[in-house]
Amino acid sequence: MKIKIIFCIAFGTLFSNLAMGQETAFKNIAVVNFDGAKRTDITKSKNLKIAKSKYSLVNSLESNVGEFYEKNGMLLFLNGESAELENNHLEQLEKGFKEMKGWRPGDPEFTKLETFSQYKVLVMNLEFEDQGTGKYSFFAVSKNNKKILNGVLEYELTDKAKASQIIEKFIKGIKFK
Amino acid sequence: MKKRSLLLATIVFSLALLVFACRRDLNNFINDQEVPSSFLESAKIYHGINAKDFRPTDGTEFIKLRPLWRDSWTVKSGGNQLLIVPTIENHVSNRDYKIRRVFIFSKNGNEVKEGKIVEFVAVRYDLDEHLNEIISNYKQNSIKNFNGSIITYDINYFPESSAVFENGNKTNKQAGFVKAVNLRGNIRLTTSSRDGGKISSAGLLSALSGKRDAIGAFICNGCPTKMEPNCLYTFSYTNYYDSKGNITDTVCELVSVICTNTGSGSGSGSGSGSSGGMSASMSGFSGGTGSYGGNPPPSYDCTGTLNGSATMSECGCIGGTTGITACSKDPCKEKVLVTQKATRSDLKLQNADILVKSTTAPLKEYGANQKLLDPTKNTYKAETIYTDNATSTFGPEFSWNNTDGYWVGASHGHPGGTGPSPSDAVWLARPLASSELATAGATGMAQYKAMASSTTMTVNGNYVITVKDWPALVTLKNSFDSNPTAARNAYVNKANDYKAAHPSASDHEASVYALMKLYGSAINLYKAAAGTTTYTPLKLTTTDMVGDLACP
């Protein structure tokens, strides 16, 4: 009887993970939770409504790198690599992003730097009113500064709240290898 | 009887000859203008000690005026006696103008203590008739019925002061002369003497470019529609001032044209001492009259070729016999100029200072304008480093005149370490729409385009932008101005896309990529490693990254 129970639990767990695709290894960098997002590719991604924005990554990314996922009409791009990063890599990125954006004290914040127990994450938001779209970009760096996972979530401005929840949940679910 | 008549005639003739020969002395005697020999000798000694020969500077020959001692006379002024010595004068074409120039010596005791050169410019006024009266009162605030100006120089013809009289009363206006020549397509101006005078070069250059009348606060009466290359044009100008001493208006009047080639018709005039050479011609005026019409002068192109077809452009003289068919800014050639400019001790020190200030807390962008003292020369005006108190913006200040300088770009620091932004590129297109550059005409425009650059100093390296396609940059500038936020976002987005593909890339690298991707069609971008001034042109590689352009 005990063996049947253990088997059922193990099978159920395996089935749910595989079936729902909630946790997946990305390269040799980290395990992430896609929360039901479906894997796609750059060619198919171009058929999505969100990809019609002239600022969509699918229209400007010229290297066949990273992976594309789709969820609720939103497009998620994921990439990462092993590297020797500076301790303040994310702080530098934040400073550079603000400088490029022309950010001044008092302007709305476009960035958020969060520290978790095993990694730090920088999230940046850009909105394109003329296209009706926006992008959350994030960079997560492992505690030992040897791995970086980055991604972009493209959304329509009407879906900004949903996008914000998705990106927040995704970031919290990162587990560096 | 016949002998007596002949003798009488001979005596009368001799007396007449004597009187005629002594006419000036008699005139001086009658008018109490005799020149004591001691005064004359003292003046010669004073002149011999104080009048110096100066070496030509910047291709401009120094003008040394020669006193014509034998024609001198004296004038009483306020109980003192002044020794008046005429000097070289050339012709004046404008019939409304009478101009006389003299040395004026004054004594203190038995010795000459002061010697000046004074030019009297009369407008529709009988100057010859009233010359002594004006000389006698030339330091006074009123001269009866006098309309015109009095310009005073030191003994070496360096300007000291000027006074403008209207209906006999001295005004707060200032006057001077400016001379213009067409040197291989570039109009070159020389103000009174070597470095005096204040006049809007832009205003006059505009007038000489065919805009004959009022341009802003600048009016040029009689300006030629075309500057002939073999002619010297002399203008009298009057500046009007507000209560704070700022120039509000300038009225310029063509007073003479002297051409050195045959067929150019310089008019008659007195021209005493003017031997016909251009530099000799630059020495002055006289009360003579004449016209500057005559046969049409020959046409020269910017290479100096008679009836040639070369024209001035943003990269200098092209076409015709130059063999250059179009402007092309080869980055491998231009990098030498970019490096030379950055290596100049004045700009190098300033750039280093800009970087230190921009990267010292509290972090703000600091910068300085880069302005030439003269658009035809490579001498930079000393400029102050300043900040707009912003962390991510810096505003350069354009000017194109001989007072504020000729803006050919700016240098500024980026505290965050990113490369040049779109603003830093479109800066360079903004002056094209400025009224100052517009009034400077085609020559000024070409000079600006040839020299314009934008420098960005960062801890990660230094960058210089030059323009390779002006129409393309203007299009990008217009797009930027129509929606700066969208332009900024497009730039940041492009940088983020680069980082998406290259996760560990820095913002510094990504920003340079974004600029080249979005603005590369219009600009050349150069980079020098941090702390150095040796610039290398950048390019986008076949793998869509930023790399050095290999130069032969």
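Annotations
- Note on segment B:530-552: residues that are of a type outside the set (Phe, Trp, Tyr) and within 17 Å of B:Pro331 (Cα to Cα) total 15.
- Some residue of segment B:535-551 being in a strand (DSSP E or B) and within 14 Å of another protein chain (Cβ to nearest Cβ): yes
- Yes/no for B:Val467 being closer than 22 Å to B:Ala528 by Cα and under 38 Å from the mean Cα position of the chain (by Cα): yes
- Of the strands (runs of 3 or more DSSP E) lying entirely inside segment A:65-162, those containing at least 1 residues that are touching a residue at least 40 places away in the same chain (Cβ under 8 Å) and within 8 Å of chain B (Cβ to nearest Cβ) are A:74-82, A:119-128, A:133-142, A:147-156.
- Scanning segment B:101-134 for residues that are over 12 Å from B:Asn80 (Cβ atoms), outside any strand (DSSP E or B) and out of contact with any Gly (no Cβ under 8 Å at 6 or more places or on another chain) yields B:Asn110, B:Arg124, B:Asp126, B:Glu129, B:His130, B:Leu131, B:Asn132, B:Glu133, B:Ile134.
- Long-range neighbours under 9 Å by Cβ, at least six apart or interchain, first residue closer than 11 Å to B:Pro396 by Cα within segment B:420-432, second of a type in the set (Asp, Glu) and open to solvent by 10 Å² or more (accessible area, probe 1.4 Å): B:Arg430/B:Asp481
- Enumeration of residues in segment A:54-72 that are touching a helix residue (DSSP H, G or I) at 6+ places or on another chain (Cβ under 8 Å) and under 19 Å from A:Asp130 (Cα atoms): A:Tyr55, A:Ser56, A:Leu57, A:Val58, A:Asn59, A:Ser60
- Counted residues, segment B:336-365 - those being closer than 23 Å to B:Ala425 by Cβ and within 14 Å of chain A (Cβ to nearest Cβ): 5
- Some residue of segment B:377-387 being among the β-branched types (Val, Ile, Thr), open to solvent by 10 Å² or more (accessible area, probe 1.4 Å), within 14 Å of another protein chain (Cβ to nearest Cβ) and closer than 21 Å to B:Tyr491 by Cα: no
- Verdict on B:Asn110 being touching a residue at least 40 places away in the same chain (Cβ under 8 Å), surrounded by fewer than 21 Cβ atoms within 10 Å (Cβ to Cβ) and either over 20 Å from B:Ser38 (Cα atoms) or over 29 Å from the mean Cα position of the chain (by Cα) (or both): yes
- Filtered by the rule that a residue be within 24 Å of A:Ala51 (Cβ to Cβ) and of a type in the set (Asp, Glu), segment A:112-152 gives A:Glu127, A:Glu129, A:Asp130.
- Residue in segment A:34-41 that is open to solvent by less than 50 Å² (accessible area, probe 1.4 Å), within 14 Å of another protein chain (Cβ to nearest Cβ) and out of contact with any Lys or Arg (no Cβ under 7 Å at 6 or more places or on another chain) present: no
- Screening segment B:514-552 for residues that are of a type in the set (Lys, Arg) and crowded, with 20+ Cβ neighbours inside 10 Å and picking the one that is nearest to B:Lys499 (Cα to Cα) gives B:Lys517.
- Test: A:Leu48 is more than 10 Å from every other protein chain (Cβ to nearest Cβ) and crowded, with 20+ Cβ neighbours inside 10 Å: no
Rundown of residues vs (1) in contact (Cβ under 8 Å) with a residue 24 or more places away in the chain; (2) within 19 Å of B:Gly416 (Cα to Cα); (3) under 40 Å from the mean Cα position of the chain (by Cα), yes/no style:
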| site | (1), (2), (3) |
| --- | --- |
| B:Ala505 | no, yes, no |
| B:His508 | yes, yes, no |
| B:Gly531 | no, yes, yes |
| B:Thr534 | yes, no, yes |
| B:Thr543 | no, no, no |
| B:Gly547 | no, no, no |
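- Qualifying residue in segment B:417-424 (condition: open to solvent by 40 Å² or more (accessible area, probe 1.4 Å) and either under 24 Å from B:Ala528 (Cβ atoms) or away from chain A (no Cβ under 14 Å) (or both)): no
- One residue from B:Asn80, B:Asn94, B:Asn137, B:Asn156 being open to solvent by 60 Å² or more (accessible area, probe 1.4 Å) and either touching a residue at least 24 places away in the same chain (Cβ under 8 Å) or not hydrophobic (A, V, I, L, M, F, W, C) (or both): B:Asn80
- Annotation note: of B:Tyr498, B:Tyr519, B:Tyr526, B:Tyr491, the sole residue that is farther than 19 Å from A:Leu90 by Cβ and either touching a Phe, Trp or Tyr at 6+ places or on another chain (Cβ under 6 Å) or of a type in the set (D, E, K, R) (or both) is B:Tyr526.
- Single condition B:Ala410 does not satisfy, out of (1) without any contact (Cβ under 8 Å) to a residue 24 or more places away in the chain; (2) within 27 Å of the chain's Cα centre (by Cα); (3) closer than 22 Å to B:Trp470 by Cβ: (1)
- Count of segment B:32-60 residues, restricted to those that are open to solvent by 40 Å² or more (accessible area, probe 1.4 Å), at pLDDT 75 or above, part of a loop (DSSP other than H, G, I, E, B) and over 13 Å from B:Trp73 (Cβ atoms), is 1.
- Residue pairs whose Cβ atoms lie under 7 Å apart, separated by 6 or more positions or on different chains, with the first residue in segment B:159-175 and touching a residue at least 12 places away in the same chain (Cβ under 8 Å) and the second of a type in the set (Lys, Arg) and assigned to a strand (DSSP E or B), are B:Ala163/B:Lys170.
- Within segment B:460-482, if we keep just the residues that are hydroxyl-bearing (Ser, Thr, Tyr) and either touching a helix residue (DSSP H, G or I) at 6+ places or on another chain (Cβ under 8 Å) or within 17 Å of B:Leu538 (Cβ to Cβ) (or both), the residue that is most open to solvent (accessible area, probe 1.4 Å) turns out to be B:Ser479.
- Of all the listed residues (B:Ala442, B:Ala429, B:Ala368, B:Ala438), the sole one being more than 20 Å from B:Pro484 (Cα to Cα) and open to solvent by less than 40 Å² (accessible area, probe 1.4 Å) is B:Ala368.
The values are calculated or read from the model by the stated rules, or taken from the named source; none is laboratory data. Values in this document were obtained by computation on a predicted structure and should not be read as measured data. FYI the Cβ positions are ideal-geometry reconstructions off the backbone, even for glycines, and counts take in every protein chain you see. Each accessible area value is taken on the protein alone, full model and side chains, heavy atoms only, with ligands, DNA and RNA left out. Shrake-Rupley method; radii C 1.70, N 1.55, O 1.52, S 1.80 Å.
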